[in-house]
Amino acid sequence: MLKNIMLAVLFVSAPGVAAEHAERLSISTMVSDVRLAVSPDETHRLWGLVNRTPGAGLEIVESRLVEGQWSAPLPVSFNGPANDFDPSFSPDGRTVYFFSNRPGGAGGDDLYAVSYDPGTRVYGEPRNLGPKVNTDGDEWAPTVSPDGRTLMFASNRHGLSGGQNLFVAPLKGGEIGTPVALDAVIDTAEDEYDATFVGGADRIVFARGDAYGDKGAKLHSAVKDGKGWRDEGPLPPTINCSAELNIGPSVSPSGKFYWSAACGPGETRLDLWTGDLPSVTRR
């Protein structure tokens, strides 16, 4: 629920400068588009919209590639009566993870999973990921590593510095293990959220900034080696192209990098963008 506070600033943010070597996706709408999820065959896209109609809040929409063209976005069938946001596919494309503040949760925004049959295009019933993952705070942006062994998400649960922090939990046989926080190199007194794996489980891109206010956020890269995680710092202005919010990173199965920002001249809403992600410095 508190993510509404953050997203409210999208309509008043200072415009950014269009990113060189970046492309605005044609499926971007007239409202804010956040965090693209791409199916394994890359013909099915999910993402979040903010107030698609007045007072609609946060909802998940989908688009399909038909004869080389992307269909107009439509709400997914598993949207509930409250907010639904931050979708991501499992590596096999048969599960969609997201957050929701629908009734019956632990409190605030909880993480959910819903089954999906690519053959029939039918979604199942959403299930809450349970008390190991969800708290009375807010859990956001679930994403699974390409090997299917790790669930990463953000949470403002008690006991850590700052507000939102990044957590990882093991996945095995459909069961989720106990989440643990990433080390202090990544989780600082600022908010860290909206993370995605890049090419494996040893590199991530995430947003760092003010998740609950109006101070903005930039995308950072971090790498894990034998000594633990190392923050590579903010991504270049070609990606952090907004003066305010740069959030919602994701990587498609073929390796294309996406994010959400108000990059165009005069823009105050978030659009979906794609561009080249810089390589990392290995030490």
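Is there a residue being in contact with a helix residue (DSSP H, G or I) (Cβ under 8 Å, 6 or more places away or on another chain), part of a strand (DSSP E or B), touching a residue at least 24 places away in the same chain (Cβ under 8 Å) and not aliphatic (A, V, I, L, M) anywhere in the stretch 121-137?
Restricting attention to the stretch 121-137, the residues satisfying the condition of being in contact with a helix residue (DSSP H, G or I) (Cβ under 8 Å, 6 or more places away or on another chain) are none.
Checking the stretch 121-137: not a single residue is in contact with a helix residue (DSSP H, G or I) (Cβ under 8 Å, 6 or more places away or on another chain), part of a strand (DSSP E or B), touching a residue at least 24 places away in the same chain (Cβ under 8 Å) and not aliphatic (A, V, I, L, M).
Considering only the stretch 101-120, state which residues are more than 18 Å from Gly163 (Cβ to Cβ) and either in a loop (DSSP other than H, G, I, E, B) or in contact (Cβ under 8 Å) with a residue 60 or more places away in the chain (or both).
Taking the stretch 101-120 as the starting set, the residues that turn out to be more than 18 Å from Gly163 (Cβ to Cβ) are 102-105, 112-120.
Residues satisfying the conditions are Arg102, Pro103, Gly104, Gly105, Pro118, Gly119, Thr120.
Is it fair to say Gly248 is part of a strand (DSSP E or B) and farther than 29 Å from Pro40 by Cβ?
Details: part of a strand (DSSP E or B): yes; farther than 29 Å from Pro40 by Cβ: no.
Against the criterion (part of a strand (DSSP E or B) and farther than 29 Å from Pro40 by Cβ), Gly248 does not qualify.
Please indicate, with yes or no, whether at least one residue in the stretch 171-191 is under 22 Å from Leu36 (Cβ atoms), modelled with pLDDT of 95 or more and acidic (Asp, Glu).
Taking every residue of the stretch 171-191 in turn, none turns out to be under 22 Å from Leu36 (Cβ atoms), modelled with pLDDT of 95 or more and acidic (Asp, Glu).
For Phe98, only one of the following conditions fails: (1) in a strand (DSSP E or B); (2) surrounded by fewer than 19 Cβ atoms within 10 Å (Cβ to Cβ). What is its number?
(2)
Working carefully through the options Gly199, Gly233, find the one that is within 26 Å of Thr150 (Cβ to Cβ), touching a residue at least 12 places away in the same chain (Cβ under 8 Å) and in a loop (DSSP other than H, G, I, E, B). Working first, answer last.
Details: Gly233 fails: in a loop (DSSP other than H, G, I, E, B).
Matching residue, one of Gly199, Gly233: Gly199.
Is it fair to say Ala113 is touching a strand residue (DSSP E or B) at 6+ places or on another chain (Cβ under 9 Å), more than 18 Å from Glu175 (Cα to Cα) and not hydroxyl-bearing (Ser, Thr, Tyr)?
Values: touching a strand residue (DSSP E or B) at 6+ places or on another chain (Cβ under 9 Å): yes; more than 18 Å from Glu175 (Cα to Cα): no; not hydroxyl-bearing (Ser, Thr, Tyr): yes.
Here the answer is no, as Ala113 does not meet what is asked.
Could you say which residue among Arg208, Arg157 is closer than 25 Å to Gly137 by Cα, assigned to a loop (DSSP other than H, G, I, E, B) and free of Cβ contacts under 8 Å to residues at least 40 places away in the same chain? Step through it out loud before you land on a result.
On the way: Arg208 fails: assigned to a loop (DSSP other than H, G, I, E, B).
Of the residues listed, the single one that is closer than 25 Å to Gly137 by Cα, assigned to a loop (DSSP other than H, G, I, E, B) and free of Cβ contacts under 8 Å to residues at least 40 places away in the same chain is Arg157.
Looking only at the stretch 1-57, which residues are of a type in the set (Gly, Ala, Ser), part of a loop (DSSP other than H, G, I, E, B) and modelled with pLDDT under 70?
Start the filter on the stretch 1-57 by keeping residues that are of a type in the set (Gly, Ala, Ser), which leaves 8, 13-14, 16, 18-19, 22, 26, 28, 32, 37, 39, 48, 55-57.
Cutting the leftovers down to part of a loop (DSSP other than H, G, I, E, B) gives us 13-14, 16, 18-19, 26, 28, 39, 55-57.
Within the stretch 1-57, Ser13, Ala14, Gly16, Ala18, Ala19 meet the criteria.
The values are calculated or read from the model by the stated rules, or taken from the named source; none is laboratory data. Here the structure is a predicted model, which is why all the values come from computation and not from measurement. As a convention, Cβ positions derive from the backbone with ideal geometry for all residues, glycine included, and neighbour counts pool all protein chains shown.
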